[in-house]
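Undergrad: Here you go, one structure.
The values are calculated or read from the model by the stated rules, or taken from the named source; none is laboratory data. Fair warning: this is a prediction, and the values are worked out from it, not measured in the lab. Positions of Cβ are generated from backbone atoms using ideal geometry, with glycine treated the same way; all protein chains shown enter the neighbour counts.
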């Protein structure tokens, strides 16, 4: 991939911050001109309400929304656009499923010990309010998923397996197809948090055989406030909506209401039309690059950094150590320096922007007696030169500040 050519499509690199090194892509990516222009088209050319009015501007909005839904469906590997529900992020997508399944006392939800709070807290709430059971698959010291331990913790009592596809701290990916087969054999549904996977690798929900899959578009070149839930049509039919009201109702009386079929019943209220339309453009951009190219580029950058830092006694890399198992994420700590200080020093030294702290995965850090980590995360516009500068400044930081 020609990252330097790709950078020409992103406004940041022609702004006053063009010398900045943006390594905070696991939190949110930059947006290319194509996405921004497509969103502006909505505001400039057809700034109306889709799905309700029948005039020409409203019709154009509806056409654009349908087009974006079909594009995102194809990107995720479903041939049925009605299986794509627009949300405001992956967090809402997970909550929609968690709160909509009507789980009851005795139902068990199995997750892992490396879940984002978005795939942890909703189940904790249901444990308190509905009396559901919880189970956790522990991650070994190697940092890789233990499929045999997962098998041991599965049972007929497990109603839902809800797991991350790619972890946002370690960068490791779970063997989702194998997980799904095991879960289905026991009669469990499978919900996958794909927020860190879909931006970086080819995802095919039909091949993976998952029941639900959530993503956040702001992590894959799309607008903020945009997410998607994929759900198998027969399951969406029975799933209760998280929010109800205008746009999701076929007919209502004073004492009853008939909801529209999916996906409309989940999309009540005025939608983020510009965000939806921009999301379709983001998928177009990634398709043009090729997801295999995206994945290989990120692994190459991670390998370049890891090779030069892994043997430094003052630096500890969160496992696994093999960079090809960590995709786009390089999480580390420097002896004697708080992760927030590492992030601020790198920003002050060389405008290198990374994230620090517990990254919304508090149980992972608490169970390992860690107070957080510094995290550099890469994407399509990051270059080898940026990686070399990052290594240089981290080594300088270690030499100056490390105990």
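Undergrad: Looking only at segment 4-26, decide whether some residue is closer than 25 Å to residue 84 by Cβ, modelled with pLDDT of 95 or more and surrounded by 15 or more Cβ atoms within 10 Å (Cβ to Cβ).
TA: The answer is yes; a qualifying residue exists.
This table checks each residue for (1) outside any strand (DSSP E or B); (2) at positive phi; (3) in contact with a strand residue (DSSP E or B) (Cβ under 7 Å, 6 or more places away or on another chain); (4) outside the structural domain of residue 75 (by TED's automatic domain parsing).
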| site | (1), (2), (3), (4) |
| --- | --- |
| 141 | yes, no, no, no |
| 155 | yes, no, no, no |
| 159 | no, no, yes, no |
| 171 | yes, yes, yes, no |
| 177 | yes, no, no, no |
| 202 | yes, no, no, no |
| 207 | yes, no, no, no |
| 223 | yes, no, no, no |
| 228 | no, no, yes, no |
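Undergrad: Run down 359, 340 and say which single residue is within 17 Å of residue 24 (Cα to Cα), in contact with a strand residue (DSSP E or B) (Cβ under 6 Å, 6 or more places away or on another chain) and outside the structural domain of residue 70 (by TED's automatic domain parsing).
TA: 340
Undergrad: Ok, one more. Within segment 236-254, work out how many residues are surrounded by 15 or more Cβ atoms within 10 Å (Cβ to Cβ) and either in contact with a strand residue (DSSP E or B) (Cβ under 8 Å, 6 or more places away or on another chain) or not assigned by TED's automatic domain parsing to the domain that holds residue 212 (or both).
TA: 6
Undergrad: Looking at residue 86 and the list (1) under 17 Å from the mean Cα position of the chain (by Cα); (2) under 25 Å from residue 145 (Cβ atoms), which single condition is not satisfied?
TA: Of everything listed in (1) under 17 Å from the mean Cα position of the chain (by Cα); (2) under 25 Å from residue 145 (Cβ atoms), residue 86 misses just condition (2).
Undergrad: In the set 72, 36, 63, which member is under 16 Å from the mean Cα position of the chain (by Cα), assigned to a helix (DSSP H, G or I) and modelled with pLDDT of 95 or more?
TA: Values: 36 fails: under 16 Å from the mean Cα position of the chain (by Cα); 63 fails: under 16 Å from the mean Cα position of the chain (by Cα).
Answer to the selection: 72.
Undergrad: Looking only at residues in segment 41-60 that are assigned to a helix (DSSP H, G or I) and touching a residue at least 40 places away in the same chain (Cβ under 8 Å), which one is nearest to residue 8 (Cα to Cα)? Lay out the reasoning, then the answer.
TA: Pass one, segment 41-60, residues assigned to a helix (DSSP H, G or I): 41-45, 56-60.
Cutting the leftovers down to touching a residue at least 40 places away in the same chain (Cβ under 8 Å) gives us 41-43.
On the way: 41: 21, 42: 24, 43: 24 Å.
Among them, the one singled out is 41.
Undergrad: Still on this model: Tell me which of these residue 402 doesn't satisfy, since it passes every other one: (1) farther than 29 Å from residue 221 by Cβ; (2) at pLDDT 95 or above; (3) in contact with a strand residue (DSSP E or B) (Cβ under 7 Å, 6 or more places away or on another chain).
TA: So residue 402 meets the others, but not (2).
Yes/no per residue for (1) over 21 Å from residue 67 (Cβ atoms); (2) within 20 Å of the chain's Cα centre (by Cα); (3) surrounded by fewer than 17 Cβ atoms within 10 Å (Cβ to Cβ):
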{"residue": "234", "(1), (2), (3)": "yes, no, yes"}
{"residue": "256", "(1), (2), (3)": "yes, no, yes"}
{"residue": "259", "(1), (2), (3)": "yes, no, no"}
{"residue": "264", "(1), (2), (3)": "no, no, no"}
{"residue": "270", "(1), (2), (3)": "no, no, yes"}
{"residue": "279", "(1), (2), (3)": "no, yes, no"}
{"residue": "286", "(1), (2), (3)": "no, yes, no"}
{"residue": "289", "(1), (2), (3)": "no, yes, yes"}
{"residue": "292", "(1), (2), (3)": "yes, yes, yes"}
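Undergrad: Quick test for you: out of 132, 94, pick the one residue that is over 15 Å from residue 276 (Cβ atoms), over 25 Å from the mean Cα position of the chain (by Cα) and buried (at least 22 other Cβ atoms within 10 Å of the Cβ).
TA: Details: 94 fails: over 25 Å from the mean Cα position of the chain (by Cα).
Going through 132, 94 in turn, the sole match is 132.
Undergrad: Hey, another quick one. For residues that are buried (at least 19 other Cβ atoms within 10 Å of the Cβ) and over 23 Å from the mean Cα position of the chain (by Cα), scanning just segment 142-160, find the one that is nearest to residue 103 (Cα to Cα). Working first, answer last.
TA: If we filter segment 142-160 for residues that are buried (at least 19 other Cβ atoms within 10 Å of the Cβ), which is where we start, we get 143, 145, 150, 154, 158-160.
This time we only want the ones that are over 23 Å from the mean Cα position of the chain (by Cα), so: 154, 158-159.
Values: 154: 17, 158: 11, 159: 8 Å.
Restricting to residues being buried (at least 19 other Cβ atoms within 10 Å of the Cβ) and over 23 Å from the mean Cα position of the chain (by Cα), the top hit is 159.
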